[in-house]
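Reading through the structure tokens given below for one structure.
The values are calculated or read from the model by the stated rules, or taken from the named source; none is laboratory data. None of the values given here were measured: they were computed from a predicted structure. Reconstructed Cβ throughout: ideal geometry from the backbone, glycine too, with neighbour counts over all protein chains shown.
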Amino acid sequence: MFTIEQRALIRSKILKRAANDERISGAAITGSGAAGTEDQWSDIDLAFALADGVELTPTLSDWTTYMYTEHSAIHHLDVPSGAWLYRVFLLPGTLQVDLAFVPASEFRPLAPTFKVVFGSANEARLVPPPSAGNLIGLGWLYALHARSCIARGRLWQAEYMVTGVRNHALALACIRHGLPAVHGRGTDRLPCEVTATFDRGLVERLDAQEIARAFQVVIDGFIGEVRHADEALADRLQHTTSQLKQSTG
């Protein structure tokens with residue numbers, strides 16, 4: 001396991017290299033490092049602006065070689081998002097390092113956690129949270145597939161779908177309480193009375209009867225969260241979701 005001191009040293013070395021790389025016109029610390037909320041498990045999140053006329057592919061290749069050669073990276077993956085390309089590295093000791101590259105014209109805060117180290121950033125363009133309407137739609141879609149998977153005896157897929165309904169309902173609850181609604185980031189900060197609604201919605205063993213039981217609990221919790229967001233829509237969904245419960249009961 002990496003130490004806090006090792007993480008700080010690696011981040012310092014990466015930022016020093018970026019400052020000496022003429023292809024990089026700006027750098028920022030993002031995530032918990034910018035918010036001052038790091039703990040012993042936090043990763044390294046950095047954002048780099050590519051100077052005008054600099055091509056991403058050779059720059060990214062060079063930085064990737066550096067991460068493997070100098071920091072013994074084990075593997076990496078890419079997460080594209082709009083103009084940004086996030087290359088995520090796994091280092092020995094389980095340290096994750098996220099290096100985000102974007103043209104200088106798009107170098108800007110996408111979240112409040114953005115601390116410029118050098119260069120200048122454009123005006124912030126904060127990414128909005130997922131919409132309640134979209135989460136509701138995904139919730140009933142997962143519910144339909146959960147019902148079908150239970151009926152077909154596809155138990156692993158059924159468990160996946162039931163979990164999907166629950167996760168979208170909890171994301172709705174996060175929006176309602178002003179918490180981050182992506183990747184479960186706000187779920188542990190929800191009031192206990194909210195999460196208690198879904199406690200029995202956890203699948204405890206892989207058999208059809210147990211999954212159907214959890215599914216019915218999750219459906220009730222889902223409709224409850226829909227009601228907070230849109231009571232009229234909850235009324236319209238209530239009858240259909242009751243049919244789903246009955247068909248798996």
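Rundown of residues vs (1) free of Cβ contacts under 8 Å to residues at least 12 places away in the same chain; (2) of a type in the set (Val, Ile, Thr), yes/no style:
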{"residue": "His71", "(1), (2)": "no, no"}
{"residue": "Leu77", "(1), (2)": "yes, no"}
{"residue": "Val97", "(1), (2)": "no, yes"}
{"residue": "Phe114", "(1), (2)": "no, no"}
{"residue": "Phe118", "(1), (2)": "no, no"}
Exercise for the section: Examine the stretch 184-197 for a residue that is farther than 15 Å from Leu144 by Cβ and in contact with a Phe, Trp or Tyr (Cβ under 8 Å, 6 or more places away or on another chain), and state whether such a residue exists. Expected result: no
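Each row is one residue, and each column tells you yes or no for (1) closer than 30 Å to Val217 by Cα; (2) among the acidic types (Asp, Glu).
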| site | (1), (2) |
| --- | --- |
| Ala73 | no, no |
| Leu77 | no, no |
| Leu85 | no, no |
| Leu99 | no, no |
| Pro109 | no, no |
| Phe118 | no, no |
| Glu123 | no, yes |
| Ile150 | yes, no |
| Gly153 | yes, no |
Exercise for the section: Quickly run through the stretch 29-74 and pick out the residues that are surrounded by 17 or more Cβ atoms within 10 Å (Cβ to Cβ), of a type in the set (Phe, Trp, Tyr) and within 21 Å of the chain's Cα centre (by Cα). Expected result: Phe48
Handout entry: Restricting the stretch 154-174 to residues that are touching a Gly at 6+ places or on another chain (Cβ under 9 Å) and among the hydrophobic types (A, V, I, L, M, F, W, C), the residue that is nearest to Leu141 (Cα to Cα)
Key = Val165
Exercise for the section: Could you tell me whether any residue of the stretch 47-54 is out of contact with any His (no Cβ under 6 Å at 6 or more places or on another chain) and under 16 Å from Gly31 (Cα atoms)? Expected result: yes
Fill in the blank from the handout: Scanning the stretch 150-173 residue by residue, the ones that are free of Cβ contacts under 8 Å to residues at least 24 places away in the same chain and surrounded by 21 or more Cβ atoms within 10 Å (Cβ to Cβ) total 1
Problem - Residue pairs meeting the criteria (Cβ under 7 Å; at least 6 apart or on separate chains; first in the same structural domain as Ala143 (by TED's automatic domain parsing), in the stretch 201-217; second of a type in the set (S, T, N, Q)) - result: Ala212/Thr248; Phe215/Thr248; Gln216/Thr248
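Just checking, does the stretch 195-211 include any residue being under 30 Å from Ala47 (Cα atoms) and surrounded by fewer than 18 Cβ atoms within 10 Å (Cβ to Cβ)?
Scanning the stretch 195-211 turns up no residue that is under 30 Å from Ala47 (Cα atoms) and surrounded by fewer than 18 Cβ atoms within 10 Å (Cβ to Cβ).
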Fill in the blank from the handout: By residue number, the members of the stretch 94-148 that are within 30 Å of Ala19 (Cβ to Cβ) and surrounded by fewer than 13 Cβ atoms within 10 Å (Cβ to Cβ) are Thr94, Ser105, Pro112, Ser120, Glu123, Ala124, Arg125, Leu126, Val127
